[in-house]
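Novice: I'd like to ask you about the structure that follows.
The values are calculated or read from the model by the stated rules, or taken from the named source; none is laboratory data. Keep in mind that this is a model prediction, so the values were computed, not measured. So basically every Cβ, Gly included, is an ideal-geometry build from the backbone, and we count neighbours across all protein chains shown. Just so you know, the surface numbers come from the protein's heavy atoms only, side chains and all, with ligands and any DNA or RNA stripped out. Shrake-Rupley method; radii C 1.70, N 1.55, O 1.52, S 1.80 Å.
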Amino acid sequence: MGTRKSITLHDLSQELGLSIQTISKALSGRAGMSEETRSRIIRTAFVRGYLTVSQARAMVSRGITPYPTFQFRFVLIQSRQSMNYNVLLTEGIRERLDQLEHRLESYVLDEDVPDHAFSDWMEQRNLPTADGLFIAPRLLSDSTERKLFELPLPKVLINYPRPLSRIDSVIWDVFEAVCMAVDRLSQLGHTRIMYVGDIHSQRGYTRRWQAFEEMMGELQLDYDAELQITDIWDECMLIDKLRSQPTAIIAGIDEDIVRLYDSLTSLGYRIPEDISLVGLANGPVAALPHLSRPQLLIRETGYKAAEKMLWRLANHGEPCEHIRIAGPFHNGQTIRRFS
């Protein structure tokens, strides 16, 4: 390959048998030719040295050609704890990357990697050579997440970022989802609303509880924090909290929904006749197909995360962006008007 830019548009025109105008249009992404012709022009421009590596990759990431000069290799890091929704997340990421024939590799962290072994763990998976890294929610520790943040390659966090995190993030908006749940129950006349779910172990869990508190205050609904269930719970704790006679319950964690429904029915509560139930489910619940729930757009979040990664590859110097994907509320059949 010769010196960069020693070749001209005229040289490319002579080699390809195409007009300078056609070549210029192809390299700027303008219409007026088949995508096969555009691909041939871009490949030739790169091989002959007219395009630099960064310029060619930027064109691919913007989708100027569906036949990439480069096949990017991306890596998704997730935990087995979150595999139930990571299937949807991975589908969304793959759908977008497949459109440009890029690769996605997925690795599961079954245990926290200590500092002294982290470099070996990365090398075994060729993480330093990846073109970009997706970091899924619910990794085993904050320490592991921070170590991944330090890798010198483009990254998209699929979670709510920590304060001062210099990283792009995309997440399905559980904050807005809880606000919608409280608002819908309020519209149906419920004022005694109980929240059930761990609020400590994950940032997303904490955000749900914050949304509950904020929306209850916004709607001027009184609630006693001592009567909420905000940690690991059992049926005895549930019985004790039900003495406050809530008319509706929000199950904030996907894994709690069916267990909570079964516990309530075993205690003699009819849903929704005696008590309304809203669940933040990661998707449709097979055991409760008529569950009332805000829809968490996990697959769509994966698609948007892939788009954000491709954008970042072409815009290295731009400020970090944080995107929240909000879905609609599915009424279902587990809520009713309180009278």
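Novice: For region 100-113, which residues satisfy the criterion of being open to solvent by 40 Å² or more (accessible area, probe 1.4 Å) and in contact with a helix residue (DSSP H, G or I) (Cβ under 9 Å, 6 or more places away or on another chain)?
Specialist: If we filter region 100-113 for residues that are open to solvent by 40 Å² or more (accessible area, probe 1.4 Å), which is where we start, we get 101, 103, 106-108, 110-112.
Answer for region 100-113, where residues must be open to solvent by 40 Å² or more (accessible area, probe 1.4 Å) and in contact with a helix residue (DSSP H, G or I) (Cβ under 9 Å, 6 or more places away or on another chain): 103, 106, 107, 108, 110, 112.
Novice: Name the one entry in 249, 239 that is modelled with pLDDT of 95 or more, buried (at least 20 other Cβ atoms within 10 Å of the Cβ) and over 26 Å from residue 104 (Cα atoms). Before the answer, list the steps.
Specialist: On the way: 239 fails: buried (at least 20 other Cβ atoms within 10 Å of the Cβ).
Selected residue: 249, the only one of 249, 239 that is modelled with pLDDT of 95 or more, buried (at least 20 other Cβ atoms within 10 Å of the Cβ) and over 26 Å from residue 104 (Cα atoms).
Novice: Just a yes or no: is a residue in region 205-217 surrounded by fewer than 19 Cβ atoms within 10 Å (Cβ to Cβ), under 23 Å from the mean Cα position of the chain (by Cα) and without any contact (Cβ under 8 Å) to a residue 24 or more places away in the chain?
Specialist: Checked against the condition, which is being surrounded by fewer than 19 Cβ atoms within 10 Å (Cβ to Cβ), under 23 Å from the mean Cα position of the chain (by Cα) and without any contact (Cβ under 8 Å) to a residue 24 or more places away in the chain, region 205-217 yields at least one hit.
Novice: Mind checking which residues of region 9-24 are open to solvent by 50 Å² or more (accessible area, probe 1.4 Å) and either charged (D, E, K, R) or under 20 Å from residue 58 (Cα atoms) (or both)?
Specialist: First, the residues of region 9-24 that are open to solvent by 50 Å² or more (accessible area, probe 1.4 Å): 10-11, 14-15, 17, 19-21.
Listed by number, the residues that qualify are 11, 15.
Novice: If residue 189 passes every condition in (1) on the phi > 0 side of the Ramachandran plot; (2) free of Cβ contacts under 8 Å to residues at least 60 places away in the same chain; (3) not β-branched (Val, Ile, Thr) but one, which one does it miss?
Specialist: Against the list (1) on the phi > 0 side of the Ramachandran plot; (2) free of Cβ contacts under 8 Å to residues at least 60 places away in the same chain; (3) not β-branched (Val, Ile, Thr), residue 189 comes up short only on (2).
Novice: If you go through region 221-230 one residue at a time, how many are at pLDDT 95 or above and open to solvent by 50 Å² or more (accessible area, probe 1.4 Å)?
Specialist: Of the residues in region 221-230, 0 are at pLDDT 95 or above and open to solvent by 50 Å² or more (accessible area, probe 1.4 Å).
Novice: Considering only region 131-185, state which residues are over 18 Å from residue 202 (Cα atoms) and open to solvent by 10 Å² or more (accessible area, probe 1.4 Å).
Specialist: Correct list: 131, 150, 151, 152, 153, 154, 155, 166, 179, 180, 183, 184.
Novice: If I filter region 43-57 down to residues being aliphatic (A, V, I, L, M) and at pLDDT below 75, which single residue comes out as nearest to residue 26 (Cα to Cα)?
Specialist: Taking region 43-57 and keeping what is aliphatic (A, V, I, L, M), we get 45, 47, 51, 53, 56.
Narrowing the set further to residues that are at pLDDT below 75 leaves 47, 53, 56.
Values: 47: 16, 53: 17, 56: 12 Å.
If we take residues in region 43-57 being aliphatic (A, V, I, L, M) and at pLDDT below 75, then 56 is nearest to residue 26 (Cα to Cα).
Novice: Of all residues in region 280-333 being surrounded by fewer than 15 Cβ atoms within 10 Å (Cβ to Cβ) and among the acidic types (Asp, Glu), which is nearest to the chain's Cα centre (by Cα)?
Specialist: The selected residue is 321.
Novice: Pull up region 186-197, narrow it to residues that are in contact with a Lys or Arg (Cβ under 7 Å, 6 or more places away or on another chain) and of a type in the set (A, V, I, L, M, F, W, C), then point me to the one that is most open to solvent (accessible area, probe 1.4 Å). Steps first, please.
Specialist: Here is the first cut: in region 186-197, the ones in contact with a Lys or Arg (Cβ under 7 Å, 6 or more places away or on another chain) are 188-189, 194, 197.
Now drop any that are not of a type in the set (A, V, I, L, M, F, W, C), which leaves 188, 194.
Numbers: 188: 32, 194: 4 Å².
In this case the residue turns out to be 188.
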